Amino acid sequence: MARFSWLAADAQHNAIKGKSELPDRASVITALTKQGLRPISIKKLKDKKPSSFDFDHMFEATKVKQDQLVAFTRQLSAMVSAGVPLLRSLTSIQKHSEDKALQKILGEIVKDVEGGATLGDALAKHPDTFNDIYINMVRAGEAAGILDEILKRLAGQLEKSAAIRKKIKSAMAYPMVLLGITFFAFFGLMLFVVPQIGKIIQDLGGPDAELPFITRMMLGISTFIVSYWFILLPVLAGIVIGLTMYIRKSPKGRHAFDSLLLKLPAVNVIIRKISVARFARTFSALMGAGVAVLEALDVTSRAVGNVIYEDTLKQAAVEVKNGKSLSSVLENSPLFPSIVSQMLSVGEETGQTDTVLLKVADFYEEEVDLAIESISSIIEPAMIVVMGAMVGLIAASVMLPISQLSSNIK
């Protein structure tokens with residue numbers, strides 16, 4: 001492939017500059033003509049020499065932030081809706097984008113679209129930025145000629161998903177900070193404080209002094225940590241990393257973890273409501289974009305975020321393919337509340353499945369907010385009680401032998 005820089009004019013005689021990566025000059029002219037542009041100047045660019053070390057790109061961001069993706073989707077929707085040609089819209093957004101990662105990706109998308117690819121196919125080359133839902137909805141929008149409307153829906157869906165994610169993170173931030181403080185405080189006390197206190201107690205009571213069980217236990221834990229901390233810390237880190245990799249990379253591990261989440265008290269309520277809300281909003285968006293039911297179910301199953309729900313939806317797709325209605329299939333599933341199947345049945349009868357499921361998504365997203373607030377109000381005092389119990393245990397292990405020694409002295 002050769003690289004060309006070109007200058008062309010549109011129907012309004014506006015000059016447009018750009019770059020393309022195509023086999024030859026004739027291919028560039030063909031691509032520009034297809035886009036309704038009149039070529040003025042085409043120059044072949046010299047290939048850059050490969051560099052073994054590129055310091056400029058060493059710290060370059062590689063992932064597009066969610067808010068930048070939402071902004072791009074809304075801008076593209078507005079420009080396409082206003083009648084601006086797709087290629088010109090993409091070029092303009094790329095030029096004014098402040099996100100370096102997005103700017104780089106848009107540059108590659110512009111090249112693909114210049115070469116005659118559809119927007120959906122160009123986006124599909126960047127799965128880390130544009131997921132299956134995004135790509136399928138864009139393809140459906142291009143096929144139906146309603147790309148601007150589909151992009152507007154996509155932006156709304158991305159904002160809703162980001163809002164739920166932020167609420168979950170903010171709800172878990174304080175408990176995680178407390179847990180971290182508790183962990184480091186425990187190790188700090190065991191490494192530096194308890195050994196000194198134990199030495200003082202033994203000096204006062206003598207080597208034959210009978211210490212309370214709780215004191216002996218704490219001194220034993222402290223001695224073990226002081227003696228083997230250089231082994232204990234790497235082992236703990238290895239266990240955490242190993243479990244994380246097992247859950248993320250292994251299908252069995254992910255299945256076991258997601259199954260456990262659905263069984264944990266309090267947590268399972270939030271997980272179920274989040275999964276139902278994601279299913280309703282994603283399936284609604286795909287159906288509204290004109291995606292076929294089976295394809296929409298396949299994409300939605302991967303977007304729910306829980307393997308148990310994913311397997312259920314894939315099985316539902318098989319039954320729908322065999323002639324059953326989706327509402328009747330979900331009615332028999334314990335994972336979906338009866339309101340989902342009832343509303344879905346109404347949507348199937350009226351032909352407004354997307355509208356009905358959108359209301360279900362709104363309802364369950366509100367339920368998620370309430371559930372998160374409820375569990376946050378329980379977790380925070382629970383973590384404080386855990387910290388207090390830890391400090392109280394150490395204080396008791398110190399005060400009991402001192403109290404006994406005082407009694408013996410009297």
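The values are calculated or read from the model by the stated rules, or taken from the named source; none is laboratory data. Remember, it's a predicted structure, so these values are computed and weren't measured experimentally. Every residue, glycine as well, gets a Cβ built from its backbone with ideal geometry; the counts of neighbours run over all protein chains shown.
The condition of being without any contact (Cβ under 8 Å) to a residue 12 or more places away in the chain and either among the aromatic types (Phe, Trp, Tyr) or surrounded by 11 or more Cβ atoms within 10 Å (Cβ to Cβ) (or both) holds for only one of Leu243, Leu219, Leu178, that being Leu243. A single member of Gly305, Gly290 is over 18 Å from the mean Cα position of the chain (by Cα) and on the phi > 0 side of the Ramachandran plot, and it is Gly290.
Considering (1) crowded, with 18+ Cβ neighbours inside 10 Å; (2) in contact (Cβ under 8 Å) with a residue 60 or more places away in the chain; (3) small (Gly, Ala, Ser), the lone condition that Gly290 does not fulfil carries the number (1). Is it the case that some residue within the stretch 354-365 is over 23 Å from Leu154 (Cα atoms) and assigned to a helix (DSSP H, G or I)? No, the stretch 354-365 contains no residue that is over 23 Å from Leu154 (Cα atoms) and assigned to a helix (DSSP H, G or I).
Taken over the stretch 327-343, the residue count meeting the criterion of being within 29 Å of the chain's Cα centre (by Cα), part of a helix (DSSP H, G or I) and of a type in the set (Ser, Thr, Tyr) is 3.
Does the stretch 107-163 hold any residues that are assigned to a loop (DSSP other than H, G, I, E, B) and closer than 24 Å to Val276 by Cβ, and which are they?
Once the filter is applied, which keeps residues that are assigned to a loop (DSSP other than H, G, I, E, B) and closer than 24 Å to Val276 by Cβ, the stretch 107-163 yields only Asn131.
Test Val346 against the stated conditions and say whether it is within 26 Å of the chain's Cα centre (by Cα), at pLDDT 90 or above, in a helix (DSSP H, G or I) and of a type outside the set (Lys, Arg). Spelling it out, it is not the case that Val346 is within 26 Å of the chain's Cα centre (by Cα), at pLDDT 90 or above, in a helix (DSSP H, G or I) and of a type outside the set (Lys, Arg). Return yes when Ile384 is surrounded by fewer than 14 Cβ atoms within 10 Å (Cβ to Cβ), modelled with pLDDT of 80 or more and closer than 30 Å to Ile221 by Cα and no when it is not. In short, yes. Please determine whether any residue of the stretch 307-326 is in contact with a Pro (Cβ under 8 Å, 6 or more places away or on another chain) and either at pLDDT 90 or above or part of a helix (DSSP H, G or I) (or both). Yes, that holds for at least one residue.
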